Amino acid sequence: MSRTTIEGATELVSPKDGDVGVYMPEKTTKAASNQPEVEQEQKGRSNHWEVRTQEQAYAYLPEPDPGNKSEIENRYGKRIDLVELTDNPAGRSLFINGNPEVGTNRDRNKQHGFFFTADNCIGCHACESACSEKNDNPAHLAFRSVGYVEGGSYPDYKRMNISMACNHCDDPVCLKGCPTRAYTKHAEYGAVLQDPETCFGCGYCTWVCPYNAPQLDPVQGRVSKCNMCVDRLEVGLKPACVSACVGNALDFGVIENTPENREQCKTSIPGFPSPEITQPNIRFQQTKSLPEEMSRTDDMPVKYRKGSDGQYKPVVDQKNGKKMHWNLPKLNSRENPLVLFTLLVQAALGTFIIPFSGALLGVESFKQFMASNLFLPLVLLSLGMTSMGLFMSVTHLGRPFRFYRGFNNLRYSPMSREGLGLALFSAFLGLTALLLAPSNIGVNTMLASLGLGLESELSSLVATLPLESVVVITGLLASASGLAGLYYMNQCYQIKARPFWNHWQTATSFVGNSLSLGAMVSGVVMLISLGVESLPLQGAMESYGAVFLVGLVIEAVGLWGHNRTLNRSEDEGGAAHYIQCTTFGKTYQLRNALLAVNILAASGLLIFGGFFEVSESLANQSIVDESVYLIVWASLSLINLVTVVIGRALFYNLVIPTTMPGAFFWKNKGFEQHARDIGLADNPATGVAPLAH
Amino acid sequence: MLFGRKNRKPIAIPAKKVKEWKYTTCNYCSTGCSIEIGLDEQQKIVTTRGHAGADVNRGKLCIKGILEHELFDSPGRGTEPLIRDKHFNPFEPTSWDHALDTTAEQIKHIQQKYGRDAFAIVSSGQLLTEEFYTLGKLARGVIGTNNYDGNTTLCMASAVSGYKRSFGADGPPGCYDDFEHTHCLIAFGSNLPEQHPIIYWRLKEALEKRHFPLIVVDPRVTMLAQFADIHLPITPGTDCVLINAMMHVIINEGLQDQSYIDAHTQGFDEVKALVQDYNPKQAQHVCGIDEDTIRNVARIYAKAPAAMSIWTMGINQSTHGSDGVVNINNLNMVTGNIGKPGGTSLSITGQCNAMGTREWSSCSGLPGYRYLENEADRNEIAEFWGIDPEFFPKQRGLSQTDIFAAIETGEIKGLWIVATNPMTSMPNTARIRKALEKLDFLVIQDVYQDVETNQYSHVYLPASVWAEKEGVHTNTERRVNLINNVMPPYKNAKPDFWIFNQMAKRFDNGQMVHFPETPEGAFEEMKYLSKGRLGNGQPRLLDISGMSYAKLEAAKGIQWPYREYEVGLKGSARLYSDGIFPTPSGKANLLPIAFYNNNEQPCQAYPFWLNSGRVVEHFHTRTRTGKIGNCNKFSPTAYMEMNPDAAQALGIEHQTYVRLTSRRGDAVVLVQLTQRVPRNMVFIPFHFHDCVNRLTLGLLDPHSRQPAFKQCTTRIEPICQAEAARINAERRTF
């Protein structure tokens, strides 16, 4: 067969061989083979991205307009020109994939952001798939996601789709929180970019981001996120998602600019978290009236109600009714390592600091204990618990072998500081143990059993050095760094995007648990010590009992305050509390009851113990009474152990972040869990990642 | 200061390293988007992009197109021909020769024993046009069965039938460019944002430039309904009543375009007489749209300088599908809105090449919109193919939907299914299952060997897909566009074109009839057959004789008619602009459409309307999109939209399972509560196997034989959640 050729077509199309077999692929049909020759669309543009043949206007960023007043400062008073804000020279290369060429975009040093016309989004997933296609993301991961809120009543029904990726915030809490410094906010486009090769997969950025922008991949064990398509921006093209938008909803440009054909430029729409948290670089148009109340189809018990100011505020949506359940198995979650980490470390802190400070304060029994041979095992026990705790926290990382990167962001990240505090605590405990060793009978006996005469050298060493006072110094240093660690541990959870944690109750829980658990562990060691030396236990027991009780009361006061706040709260904190009172209602009540019983019993025991001491001090102390007393304290401690484990598991499992609304399947935690439960998730095309990594 | 870190972290962004872009057209829906496939140095497909210079999509693609290149090596693809003697035995791999020989022998055996028509062929709207033409030649001219049809009966048959009845021939008269010129648009049962996102974008672009009234007729509050200026939440199946009532208003208020009616149509008086029975006062009680709204919409439409109607399955998949199309055509003729910019009656087609099969597959007759009933057509084709005209039947045989009924009655003993999946797509799955089980011989030719229908086959032929082949598509606006062969077929799969050619060689007539070696050779035959004049002396409209593969690629698609002598690369944007129609008289037919209600209606036993439809991330029976994670994840399993008020009355909760029953069977689905649907209706996407079509009735339209998927009833029953979850997981193997 001969082929008709026409003018104009012959240059574009290489001649075809008419009778070639049907499935021979070597036919070249597009003149991409002459690549060295720069296509017309690429002229005057850098080489970061190949501009499509006959590219359309919608894909290009607008040309810079020097007279544009709106491009000086953003609404939060921040300069939009980022070169003016930094000492960096303009015209630096971004070295995308190592490419040294500088982008040809003349606006490249201005803060850019997305513009979302919520009126127009049809929820067609084109933006999401364009993003995933460009970034080679597997099904379970997405830098951009579309969810929706809906309201009204048939046929007066309104659904508003929301397409959301990273907002490249003025105040990037992800960057500040990241302990490894994987994030950079660039003076080019104001892009907040993250380097997955630096990340060790702690997921802390995913906690602090209010928009669920950073994506923790449980398969790869690391976070990745929207890169603003800076490669496309460098040649003057809008990001892939924007260029793909089929509803004319998504746009992009220098921040605070209202795109052509748009008449609004606001910072919130229903379902979008408060822009106050991070000052996100996204602007909205949403002019169509929506129903008073917009609900979410995913399993988050949050909906949005219009306030008198016309703004939509989150309110609790009682999706699961009011029935209370146990759901104890659900407390066993992937956050287990963090439950163990925090509890072990807090117990370790209390274990060391309670007797150590007691001795420093001059309490006789503590002084005796500190001088005893069992003080060294207590220090070692505390060290062991801390190490175990830190080990648990490392197992929680996606890339545990990169744990040492955890200290890289001391400047901003409470997590780095927490890590450093706890590392120093361990170090000083180790030093303390080392200094305690020479005078310890156990150590000496062990050395003697070796028969090398080391024990006599050791005792002469002890005689010459002021070890006791040095132990006090290292002990003080350990206490100080441990308390700093505890402080920053609390700071880690004071996250605006997680209102359930962002409360002083987190601090009271951490301190209270340190006291009650610490009293339990060190109490056991000290009582053994006093028992071995046949000293009276009563005083020590009462002191520990008092500390224990104080710990419980602190925790209880915090919980009371938390409950009070959350009951009045309509945001995600209130929603988490609603889950606490329903899905885990019985478990929550059990924990509270146990705590109350414990407080009553401990107070009773202290009062009764005092009475016991006064009334029977003249009589011979009965060994039987003392052991009953011990057993009761031991039981209370064990009950407390159960209480704090439940409490901490609730703490991690209940938190509801201020994320974007999901869809019925995608970004719906309830469906993800269901898909895992019934085996749908075994098919990778379901897009639900396995939880374990 | 958050900037100014001395050490910026490196920026790594996946680079596709495209060496070469190859031009194709999308293989999913009928929008006809141009796609470039990017190949790297090793000739491996690494990415796709929309062609920014193509008039249809102007660089845009929907989710399916963006991810389409991932389908080539997706799970479940056929690698080898398979064979077995009984459907309950395991398959064994075999050679192409053995598979084809066995198939040919079985066809001959069945035809000898039970007659030529006892072997049926059901094809698709998914193949390339050259393949349709070749299959048509094979079916009509070589194998010689009159029971040969396409699955287009499930989607476009009513549009075809309606166009033929109104205008004398098939072929949508309008184009996407009409959005730019119209002053009012009514969408009947068409949800562009979900079904045809790129066509929606073309509409949105037009609306952003110049707003015009958008009226949407749909019982569901789809995104398009929500964005409409006026939404008419109609009672299912009553579109004819609404349109008759609108025409009542238009004609009785004298708003019709009388000069157009007089010059270019016939039958106005009958229509005028009929619509007197459809006073909006009475009609409102049938169609559920109040009188004022009917009057308002009718006036807006009639007074617009140019107004257009689009429709999809909401009209076609109905017992009144063909009537609905005719009535939409009536509305547009009465208002003078045919063949003018912005004034048209445009069916939005379903499958990528539904048009190609309508034009060239010979399913409903002979190639190039020719009819078996027309002696001249029979002689012309017989002569061109080199066979005896008497070999052709003188009347069209069974339609696709009737073929399954004929298997039931034993008239048909053998079946060849090409690129369609009736086990999922046909209404009343139980009935289809029973029919397929009865067959003496079933051959399945498909891209995927896990296609559900394959469980009843005796021979499976693995076919190549999309750019593993070469050929053309025709889209909704009659635009013929090119698919280049980009890569070799997967493993031992073969292009359908090759399979048909090889099959032909195994029949006596196949020795006589010429089967070109290449698709381009077949395209040349089609070009030749597209020339000439119709019976009424008018030139053929389906004229592609000016086209060539080179021109198609250069133009990024050309709309027919595009005749031999045509200069430039622009085809014809519209049909019937001259007011001359391919009827014997040259005038279009205004046909009175009386409404009768034969739908299954909600009742005490089955109180809910059951509606089905598409979601944007899936295509048809999910054989392709179900394997592509970034599509499938947005609806990885079946679900049902249900009104929360109705659910509350039944004690049904969001995101729990229910069991649905109908007079045909049952299904298990996950409930999504939403006010998008009315209290007495549920909606279930049709993509999922063993789901909504276990329930559907699918009464057939008398003209088009298209099933009424969208009008039947169901009851909702509780089910043990654990048991339901198990069933759901089992039914979603992909």
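Each reported figure results from applying straightforward, stated rules to the coordinates on display, with no laboratory input. Being a predicted model, the structure only gives us computed values, none of them experimental. When we count neighbours, we look across all protein chains shown, and the Cβ atoms used for this are built from the backbone with ideal geometry, even at glycine.
Please report, in debye to the nearest 20, how large the charge dipole of the range B:608-731 is about its Cα centre when each Lys and Arg carries +1 at its beta carbon and each Asp and Glu carries -1 there.
On the way: 16 positive and 10 negative charges, 81 e Å.
The dipole magnitude comes to about 400 debye.
So what are the ³J(HN,Hα) numbers for the range B:215-232, from phi and the Karplus equation (6.51, -1.76, 1.60; θ = phi - 60°), rounded to whole Hz, Gly and Pro as x?
So the Karplus estimates, Gly and Pro as x, are 10, 10, 9, 6, x, 9, 7, 6, 4, 5, 4, 5, 7, 5, 6, 10, 10, 10 Hz.
Which lysines, if any, have their Cα less than 24 Å from the Cα of B:LYS587, not counting same-chain residues under 8 positions apart?
Those lysines meeting the cut-off are B:LYS164, B:LYS272, B:LYS303, B:LYS340, B:LYS531.
Rounded, prolate or oblate: which one fits the range B:482-538, using the alpha carbon gyration tensor with axes a ≥ b ≥ c (rounded when a/c is under 1.5, else prolate when a/b beats b/c, else oblate)? Intermediate results must be reported in sequence, preceding the final value.
Working: a/c = 3.61, a/b = 1.53, b/c = 2.36.
Judged from the Cα gyration tensor, the range B:482-538 comes out oblate (a/c at least 1.5, b/c at or above a/b).
Roughly how many whole Å is it from the C-alpha centroid of the range A:326-348 to that of the range A:394-423?
Cα centroid of the range A:326-348 versus Cα centroid of the range A:394-423: 19 Å apart.
May I ask you to derive the FRET efficiency for B:LYS44 and A:ARG92 from their Cβ-Cβ distance with R0 = 41 Å, giving the value to the nearest 0.05?
Values: r = 35 Å, r/R0 = 0.84.
Calculated transfer efficiency: 0.75.
Only counting other Cβ atoms within 10 Å, I'd like B:TYR176, B:TYR596 sorted with the fewest neighbours first.
B:TYR596, B:TYR176
Return the whole-Å distance between the Cα centroid of the range B:1-74 and the Cα centroid of the range A:71-129.
Cα centroid to Cα centroid, the span is 22 Å.
Between rounded, prolate and oblate, where does the range A:209-279 land on the alpha carbon gyration tensor, with a ≥ b ≥ c its root eigenvalues, rounded for a/c under 1.5, else prolate if a/b exceeds b/c?
Details: a/c = 2.09, a/b = 1.25, b/c = 1.67.
It is oblate, given that a/c is not under 1.5 and a/b is not larger than b/c.
Excluding residues on the same chain fewer than 8 positions from A:LYS288, give the lysines whose Cα lies under 21 Å from its Cα.
A:LYS158, A:LYS266, A:LYS303, A:LYS306, A:LYS313, B:LYS204, B:LYS209
Long-range amide H contacts for B:TRP416: which residues qualify at under 5 Å (H placed 1.01 Å from N, peptide plane, sequence gap of 5 or more or a different chain)?
Under 5 Å from the amide H of B:TRP416: B:ALA120, B:ILE121, B:VAL122, B:VAL443.
Toward the positive end of the charge dipole of the range B:608-731, about the Cα centre and with charges on Cβ (Lys, Arg +1; Asp, Glu -1), which of B:PHE688, B:ALA649, B:ILE719 goes farthest?
Farthest along the dipole direction, towards plus: B:PHE688.
According to the square roots a ≥ b ≥ c of the eigenvalues of the Cα gyration tensor, what is the shape class of chain B, taking rounded for a/c under 1.5, prolate for a/b larger than b/c otherwise, and oblate for the remainder?
rounded
What lysines does B:LYS19 reach when the alpha-carbon gap must be under 17 Å and sequence neighbours fewer than 8 apart in one chain are set aside?
A:LYS27, A:LYS30, A:LYS134, B:LYS44
If amide hydrogens are placed 1.01 Å from N in the peptide plane, which non-local residues have theirs closer than 5 Å to the one on B:GLY613?
B:ILE684, B:PHE686
So what J values fall out for the range A:635-643 if you push phi through Karplus, 6.51 cos²θ - 1.76 cosθ + 1.60 with θ = phi - 60°, rounded to Hz, Gly and Pro as x?
Per residue, the Karplus-derived 3J(HN,Hα) values read 5, 4, 5, 5, 4, 5, 4, 4, 4 Hz.
Say each of B:ASN296 and A:LYS669 gets a label point 7 Å from the Cα, pointing the same way as Cα to Cβ; how far apart are those two points in nm?
Placing both labels 7 Å along Cα→Cβ, they lie 4.4 nm apart.
For A:ALA546 and A:LEU630, FRET efficiency with R0 = 22 Å and r from the beta-carbon atoms, rounded to 0.05?
Values: r = 16 Å, r/R0 = 0.72.
With a Förster radius of 22 Å, E is 0.90.
Within 10 Å, count the other beta carbons around each residue, average over each peptide in A:204-217, B:647-660, and list them highest first.
Values: A:204-217: 23.6, B:647-660: 16.8.
Ranking the peptides A:204-217, B:647-660 by packing returns A:204-217, B:647-660.
Which whole-number percentage describes the relative contact order of chain A, with Cα contacts under 8 Å and a sequence gap of 6 or more?
Details: 1181 pairs, mean separation 110.7, N = 693.
Reported relative contact order: 16 percent.
Residues of A:240-247, mean number of Cβ from any other protein chain within 10 Å of their own Cβ, rounded to a whole number? Working shown, then result.
Details: counts 2, 0, 0, 5, 9, 2, 15, 7.
Counting other chains' Cβ atoms within 10 Å and averaging over A:240-247 gives 5.
As a test, work out the antiparallel percent of DSSP beta bridges whose residues both lie in chain B, rounded to the nearest 5. Could you put the intermediate results ahead of the total?
On the way: 40 of 84 bridges.
Around 50 percent of the beta bridges assigned by DSSP in chain B are antiparallel ones.
What's the average, rounded to a whole number, of partner chain beta-carbon atoms within 10 Å of each residue's beta-carbon in B:48-54? Please report the intermediate quantities before stating the final value.
Values: counts 1, 9, 5, 4, 10, 5, 1.
Mean number of neighbouring Cβ atoms from other chains: 5.
Pull out the extension gain between A:ALA593 and A:ALA57, defined as 0.36 nm times the separation in residues minus the alpha carbon to alpha carbon distance; nm, one decimal.
This chain segment gains 186.4 nm when fully extended.
To test your reading of the geometry: what angle, between 0 and 90 degrees and rounded to tens, separates the Cα axis of helix A:375-395 from the longest principal axis of chain A?
20 degrees
Between the range B:673-718 and the range A:211-264, how far is it from one alpha carbon centroid to the other, in angstrom?
Centre-to-centre (Cα) distance: 39 Å.
Over all residues in A:148-160, what is the mean tally of Cβ atoms on other chains that come within 10 Å of each residue's Cβ? Kindly include the intermediate steps, with their values, before the conclusion.
Numbers: counts 1, 0, 6, 1, 4, 5, 15, 13, 5, 12, 4, 7, 1.
Going residue by residue through A:148-160 and averaging, the value is 6.
To the nearest 20 debye, what charge dipole does chain B have about its Cα centre, counting +1 at the Cβ of each Lys and Arg and -1 at the Cβ of each Asp and Glu?
1780 debye
Test of understanding: ordering A:GLU197, A:GLU71 by Cβ neighbours within 10 Å, fewest first, what list do you get? Show your work: numbers first, answer last.
Values: A:GLU197 12, A:GLU71 21.
In order of increasing Cβ crowding within 10 Å: A:GLU197, A:GLU71.
Distance check, please: which entries in B:LYS64/B:LYS627; A:LYS238/B:LYS570; B:LYS137/B:LYS505; B:LYS22/B:LYS551 exceed 22 angstrom between their Cα atoms? Walk me through the intermediate numbers first.
Details: B:LYS64/B:LYS627 12 Å; A:LYS238/B:LYS570 31 Å; B:LYS137/B:LYS505 12 Å; B:LYS22/B:LYS551 15 Å.
In this structure, A:LYS238/B:LYS570 exceed 22 Å between Cα atoms.
List the residues whose amide H sits under 5 Å from the amide H of B:THR25, counting only those 5 or more places along or on another chain, with H placed 1.01 Å from N in the peptide plane.
Hits under the 5 Å cutoff: B:ILE35, B:ILE483, B:ASN484.
Just need the relative contact order of chain B here, percent rounded to a whole number, with Cα pairs under 8 Å and 6+ apart.
On the way: 1701 pairs, mean separation 139.2, N = 734.
The normalised contact order for chain B reaches 19 percent.
Under unit Cβ charges (Lys, Arg +1; Asp, Glu -1), what dipole magnitude, rounded to 20 debye, does the range B:622-682 have relative to its Cα centre? Show your work: numbers first, answer last.
Working: 9 positive and 4 negative charges, 83 e Å.
Here the size comes out at about 400 debye.
Going by C-beta contacts inside 10 Å, put A:PHE114, A:PHE401, B:PHE227 in order with the fewest on the left. Before the final figure, lay out each step's value.
Details: A:PHE114 28, A:PHE401 9, B:PHE227 21.
Ascending Cβ contact count within 10 Å gives the list A:PHE401, B:PHE227, A:PHE114.
Can you run phi through the Karplus equation (6.51, -1.76, 1.60; θ = phi - 60°) for the range A:131-143 and list ³J(HN,Hα) in whole Hz, with x for Gly and Pro?
Coupling constants for the range A:131-143: 5, 5, 5, 5, 9, 6, 7, x, 4, 7, 10, 8, 7 Hz.
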